[in-house]
Structure formats: structure tokens, C-alpha cells
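Report on the following structure.
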Amino acid sequence: MAAAPPPNSPESHTYDADSVVAEVTEPGHDRIGVAVLAHGAGGNRHAVILRVLADELSARGLLVARIDLPYRQRRPKGPPSPSTAAADRTGIVAACETFRLDGVPLIVGGHSYGGRQASMAVAENPDLADGLLLTSYPLHPPGKPDRLRTEHLSSISVPTVIVHGSTDPFATPAELADAVALIPSPTRVVEIEKVGHNLNPDRAPTATVTADAVFDTLMG
């Protein structure tokens, strides 16, 4: 029999209903907020970056739902298709509706592709969430800086935190700064030195600095 978790430690369970599949990490004390996080193009809800963020945020009082996007629910491997991106955004909206709690802020976001789709969902529906958390936003494909994914940024109206590795091939710090200038809402960029697109969550202080920024910028 597995040992019970220590008092006030996060506890997780799987949610699978109404087209929403998520790993839900409960705080060990009263819930002061909710975070719905989506994975990158090659991952799923068990991605290391999402797990370390869930552990850190839940330890500070947030209920965290790490979701499998609809394309990942349909097949266990492979990248998403542009033709089904709208369905992935619909899945993010459904997850927000499922896990929203009355009286506390809801933050939505995710890593790379998942964060991008979350940001588009927020741009399309400003009432979807109270804050946006993007880790390793894929500003353009590696080596193709002319293919910017910025069209919707000017429609984001909620406070936003972007966590970025200084060597990320999907955006240089300067390119990201130019993109962030398009967002009219309060936006904070957290740059982590000498890490790339995966943010080295098992070695770099990614979870701690991300959670600090979330509480400073999105939970006020």
C-alpha cells in the first residue's frame, strides 16, 4: 500500500468526463485559485514542465488541472494538425468551464503549442480567464522568424505572464520583446538564462520563478 501524502501536500487525481481529460492536483489547504494548463505539441498532461508547475502552484494554494488537448485524446503520439487547432481551443474552453471555482481567479495557459492555443482562446473570449500563463511561447518556427504568430496578441485583455528561455530557438529575447509590445494588458516576461524551449524544469529554477510571477502579476 502506498504511503499517504504528508499533511498539506498536493494530491492528484485523474478527471475524465464530458470530453475533458485532466490530471488534477489539489492544494493541501483552501483553494485560492485555479490554473488550467495545456501541453506542448509533442507532449501530454504528464509532461515534466506541467508536473513541476502543478506541484509548485498547488503548494501555494491553486487547484491545477493539466489537460490533454483534444488531438492528444484522439491519438497518443504525434503532433497536432492545423486543421484541428480550433477544436483544441474548444477543449481548453471546456476545461476552464469544468474547473472554474466561484470567487477565485482562474488562470489558463500552457507550454508552447498549448500556451499558444490558450492565448488564442483568451483573445477570442476575454471572459474565459482572469490571467494567462505562457511558457516557451512559440513565436515562430525555429529558423523561420518571418512566420510570426502574433496576429491575436493585440486582442489579449487579461494580465499575462510569459516564461522564456534565453536560448529558445522559437524566439530570441529581442523578438519576444517586440511581440509582447503588441499585448495591451499588463504583461510580465520572465527570462531564464541558458535554457532552451523545454526550460529545463528539472534543473533550472523554472517552477519557482514562474509561480512567483504568477502570484505577483496574475493573482493580485
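The values are calculated or read from the model by the stated rules, or taken from the named source; none is laboratory data. This structure is a prediction, so every number in the text was calculated from the model and none was measured. Counting neighbours? That spans all protein chains shown, and the Cβs are built from the backbone with ideal geometry, glycine included. Note: areas computed on protein heavy atoms with side chains; ligands, DNA, RNA excluded. Shrake-Rupley method; radii C 1.70, N 1.55, O 1.52, S 1.80 Å.
Scaled against 2.2 N^0.38 Å for its residue count N, the alpha carbon radius of gyration of region 40-142 is 1.02.
Exposure check, 1.4 Å probe, all protein chains in place: Arg147 carries approximately 130 Å² of accessible surface. Sequence-ordered 3J(HN,Hα) estimates for region 124-138 from the Karplus curve with 6.51, -1.76 and 1.60 and θ = phi - 60° stand at 6, 9, x, 8, 5, 8, 9, x, 10, 10, 10, 10, 6, 4, x Hz, glycine and proline given as x.
Counting only DSSP beta bridges whose two residues both lie in the chain, roughly 30 percent are antiparallel. For the chain, the fraction of 1.4 Å probe accessible surface lying on carbon and sulfur atoms is 53 percent. Calculated accessible area for region 73-220 comes out at 45 Å² per residue, all protein chains present (probe 1.4 Å; ligands, DNA, RNA ignored). Please sort by residue number the trypsin sites (Lys or Arg not before Pro) in region 155-220 whose DSSP state is loop and whose Cβ has at most 14 other Cβ atoms within 10 Å. Answer by residue number: Lys194, Arg203.
Given the Cα atoms of the chain, and with Rh set as the inverse mean 1/r over their pairs in the Kirkwood sense, what is Rg to Rh to two decimals? Answer for the chain: 0.94.
Here's how it looks for Thr187: its modeled amide H is under 5 Å from those of Thr160, which are all 5 or more places away or on a different chain.
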